[in-house]
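Inspection log for the structure reproduced underneath, given as structure tokens.
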Amino acid sequence: IALNITIVIKFFFSVLCLEIRLAGLQSTLCSGRVEIYQKNSWGTVCDDGWDLNDAEVVCRQLKCGTALNAPHSAHFGRGTGPIWLNGVSCSGSENSLTECQHRGFGTQNCTHQKDAGVICSGENYSGSSRKILMQLNVLAGLQSNRCSGRVETYHSNSWGTVCDDGWDLNDAEVVCRQLDCGTALNATQSAHFGEGTGEIWLDDVSCSGSESSLTECQHRGFGKHNCTHQNDAVESFCAPIRLAGLQSNRCSGRVEIYQRKRWGTVCDDGWDLNDAQVVCGQLECGIALNATQSAHFGEGSGPIWLDDVSCSGSERSLTECQHRGFVTHDCTHSKDAGVICSSEKHYNIFIFLKSSLKVYFTVYDL
């Protein structure tokens, strides 16, 4: 008797899916403190051994292009909750951080002072495009971050600074655009971020503000200057946030944030004065007077980046606040959020008179 027997063997595999996000001070979709989700809790990664290979894996996992930097020491601010990973060691070719060697989840001897971060080029920049993105460097200088710092430009295989002669907001606007950092808030002088070293590549820079690169602006020519590094004023403060819309001005308008090379709006669900205060602070526009709803400044266009924003009011950036996550919303532009700020920096001051009387007043820095 011939028996035809078919044996079916089923293999069951368990797959560990790792949720990952970037958070913290001035974080974006493609730069920030690395956080991973385990056991119903978001936690951070310790920076022991953290390098560009590890950052490259995070950037790939988030579809954020190429790793430009692997910041240590809580560069984007300290996180909270567990520190999930330590001793991460990637070759750079892995598709997920969990494929890399590490000590095991929750096994660590770190504090949040050592939270690891990444700065990725963004989805439109990868591989050979890295050098194009890094033609300007504002990672330099004291207390700098990806979008604020001393401006350095790369020429003849060397980084060098830019002299502050004539440096203004139009010039800073070009830097912010070239670095994909939103809009220019300030163009400071007198080496606020410390003096640079090496060559002084540019002097007498004069931009209209519409150029896509600083080298498109008028200048004396590379290496031609009458400056010292004490004149490394070329410093820019960029912010991925602006106010726009009908009858808007620098400190009042529809809130728009910059992500993935696009400006988008914020939904007004739960939008209140605490949220508005963070925006006003981020834009150096004093105190929040009103948190407008229902497209008070007109309906925006493009993506609705944030919804259900919930700030305490003390955060330094809107992306530090709790929210649903980028592009996760149930809104239309008829619910675009806005702010009205006092337009000035203000300081509440009190004076004691004969230890029995306090006189309060406000000083406005115009």
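What follows is calculated from the coordinates using simple rules that are stated; it is not laboratory data. Keep in mind the model is a prediction, meaning the values are calculated, not measured. All Cβ positions, even for glycine, are placed from backbone atoms using ideal geometry, and neighbour counts span all protein chains on display.
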Taking the Cα atoms of segment 241-345, report the difference between the largest and smallest coordinate on each principal axis, in whole Å and largest first. 33, 28, 25
For the table 39/261; 114/261; 224/261; 63/114, the rows whose alpha-carbon distance is greater than 27 Å are 39/261; 114/261; 224/261
Once amide hydrogens are built 1.01 Å from N within the peptide plane, the residues lying 5 or more places from residue 77 or on another chain with amide H under 5 Å from its amide H are 25
When the Karplus curve 6.51 cos²θ - 1.76 cosθ + 1.60 is applied with θ = phi - 60°, which whole-Hz ³J(HN,Hα) does each residue of segment 323-329 get, with x for Gly and Pro? 7, 5, x, 4, 6, 9, 7
For segment 155-162, take each phi angle, set θ = phi - 60°, evaluate the Karplus expression 6.51 cos²θ - 1.76 cosθ + 1.60, and give the result in whole Hz per residue in order, putting x for glycine and proline. 8, 6, 6, 8, 7, x, 9, 10
Give me Rg over Rh for segment 153-214, both radii from the alpha carbons and Rh done the Kirkwood way, two decimal places. 0.94
Scalar couplings 3J(HN,Hα) for segment 212-220 by Karplus 6.51 cos²θ - 1.76 cosθ + 1.60 (θ = phi - 60°), nearest whole Hz, x for Gly and Pro, are 8, 8, 5, 6, 7, 7, 5, 7, 5
What list of whole percents do you get for P(r) of segment 268-318, with Cα-Cα distances grouped in 10 Å bins up to the one holding the largest distance? 25, 55, 19
Using alpha-carbon positions, the gyration tensor of segment 19-120 gives root eigenvalues a ≥ b ≥ c; with a/c under 1.5 called rounded, otherwise prolate if a/b exceeds b/c, else oblate, the class is rounded
Mean Cβ count within 10 Å, highest first, over the residues of peptides 28-37, 288-297: 28-37, 288-297
